[in-house]
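The numbers here are math on the coordinates, done by the rules we state, and not lab data. What you are looking at is a predicted structure, and each value in this text was computed from that prediction instead of being measured. In this analysis, Cβ positions are derived from the backbone assuming ideal geometry, glycine residues included, and neighbour counts consider all displayed protein chains.
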Amino acid sequence: MTTQTATNRIFNFSAGPCTLPLEVLEAAQSQFVDYGGEGMSLIEMSHRSKTVDGVHTEALSLMRELLGVPDTHHILFLGGGATLQFSMIPQNLLAGDNKKAAYTHSGAWAKKAIGDAKLFGDIDVIWDGADSDYASLPDPATLSVPTDAAYLHLTSNETIGGVQWKDFPTTDVPIVADMSSDILSRALPWEKFGIVYAGAQKNIGPAGMALVIIRDDILQSCPDNVPLYANYKKHQGAGSMLNTPPVFQIWMVKLVLEWLKGKGGLVYAADMAAKRSGIVYDAIENSGGYYRCPVDADYRSPMNVVWRLPSEELEAKFIAEATAAGLSGLKGHRSVGGCRASIYNAMPVEGAEALATFMGEFAKGNG
Ligand code: PMP
């Protein structure tokens, strides 16, 4: 087995799992076999040990600090990724008398959330982006949210379609948001959110864990008649250690959050996201129509930039030549085709610059 070094790393534009900060990988590598001089790896220790508990507590506390989560909300690290949340949310929030929830259908991930929610309640899809082929979003001010809904669900960033909510609706109904692909990239108006959840494998760390941030009154109203693992109240009661937690992931999350804090937190993340995505969107806009982004300019994602070339043959050639040039993971999702650059927090600006340069050269040579 060869050891990977910093010098043979390429620019990885995959949608998640995705590139992680090199400093984080190296920090984990240096402590992997013998954590803190204890003579064993962190992932070999009991999850009830002081050391693992310390890592867990520190990761939770850094998450609260960096995201600016107020005391009104609890933070949980759960297994099962974001997908488990699609059913945990309605199981907990629609278990009482009110079985009604409002959902927005903004693309592939919202569709999955709606599919699971329908198993548990009366789901009112109050906005559907089908007319724009899921390339746009509603103006939040025009959204009519039924006042009797237990919650309003939205997907803040559609990882496949490349659309992002820039603002969130103002409503008395608590918003439940899937932020899997843009968490930790901007400040959030916490007073609007009942639940924010995210799979870890983009801006948070490796796959295999979900972040769930839940308002206390919603947590307290979770019923007892849902299965143990699906019950938010039980997780919180156990300090987010109801069962054996994903210790390796939580350790990596702590390292990623330390890295982000060192860089300047959400202000840095938002600034870098605007820079990186600006470079790639400019490359599309300045190509004289060679590259075309189908997404409404008002809702373009700074995390997942999608674009088309004049033909599918050229797209295949573009992806093959980009890969050979050390720009990996640019193939669009298999359900939609085209190209996609996922440029999360750990992607250096140089990655976006290298991509833009490659795009310019490819267009010149294949026009
Ligand atoms: N929601 C969104 C917006 C996603 O991008 C993804 C994964 N790409 C998921 C949910 C599902 O996440 P997981 O694989 O962690 O279940």
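Brief remarks follow.
- Of the residues making up segment 300-331, those that are in contact with an Asp or Glu (Cβ under 9 Å, 6 or more places away or on another chain) and either under 17 Å from Gln164 (Cβ atoms) or of a type in the set (Val, Ile, Thr) (or both) are Ser301, Pro302, Met303, Asn304.
- Flag if Arg276 is among the basic types (Lys, Arg), within 25 Å of the chain's Cα centre (by Cα) and outside any helix (DSSP H, G or I): no
- Filter result (more than 19 Å from Met272 (Cβ to Cβ) and not basic (Lys, Arg)) within segment 202-215: Pro206, Ala207, Gly208, Met209, Ala210, Leu211, Val212, Ile213, Ile214
- Looking only at residues of segment 186-211 that are in a loop (DSSP other than H, G, I, E, B) and surrounded by fewer than 24 Cβ atoms within 10 Å (Cβ to Cβ), we find that the one that is nearest to the ligand (Cβ to nearest atom) is Ala207.
- For segment 20-38, the condition of being within 16 Å of the ligand (Cβ to nearest atom) and closer than 17 Å to Met252 by Cβ holds for at least one residue.
- As for segment 165-183, it holds no residue that is within 16 Å of the ligand (Cβ to nearest atom) and more than 17 Å from the chain's Cα centre (by Cα).
- Selection of first residues in segment 14-29 that are over 28 Å from Arg334 (Cβ atoms) and of second residues that are within 15 Å of the ligand (Cβ to nearest atom), restricted to Cβ pairs under 7 Å at least 6 apart or on distinct chains, gives the following pairs, ordered by first then second residue: Val24/Met252; Ala28/Met252.
- Subset tally (residues that are within 16 Å of the ligand (Cβ to nearest atom), closer than 27 Å to Asp34 by Cα and in contact with a Phe, Trp or Tyr (Cβ under 9 Å, 6 or more places away or on another chain)) for segment 212-254: 5
- Only a single criterion out of (1) of a type in the set (Ser, Thr, Tyr); (2) closer than 29 Å to Pro294 by Cβ; (3) over 20 Å from the mean Cα position of the chain (by Cα) is not satisfied by Ser156, namely (3).
- Selected residue (only one of Leu314, Leu327 is over 22 Å from Ser180 (Cβ atoms) and surrounded by 20 or more Cβ atoms within 10 Å (Cβ to Cβ)): Leu327
- Matching helices (runs of 4 or more DSSP H) fully within segment 1-114 where at least 2 residues are more than 17 Å from Met209 (Cα to Cα) and polar (S, T, N, Q): 22-31, 81-93
- Restricting segment 141-164 to residues that are in contact (Cβ under 8 Å) with a residue 40 or more places away in the chain and surrounded by fewer than 18 Cβ atoms within 10 Å (Cβ to Cβ) leaves a set whose member that is farthest from the ligand (Cβ to nearest atom) is Asp148.
- The listed residue being touching a residue at least 60 places away in the same chain (Cβ under 8 Å), under 22 Å from the mean Cα position of the chain (by Cα) and within 13 Å of the ligand (Cβ to nearest atom), out of Ala108, Ala135: Ala108
- Scanning segment 115-130 for residues that are surrounded by fewer than 24 Cβ atoms within 10 Å (Cβ to Cβ), of a type in the set (A, V, I, L, M) and part of a helix (DSSP H, G or I) gives a single hit, Ala130.
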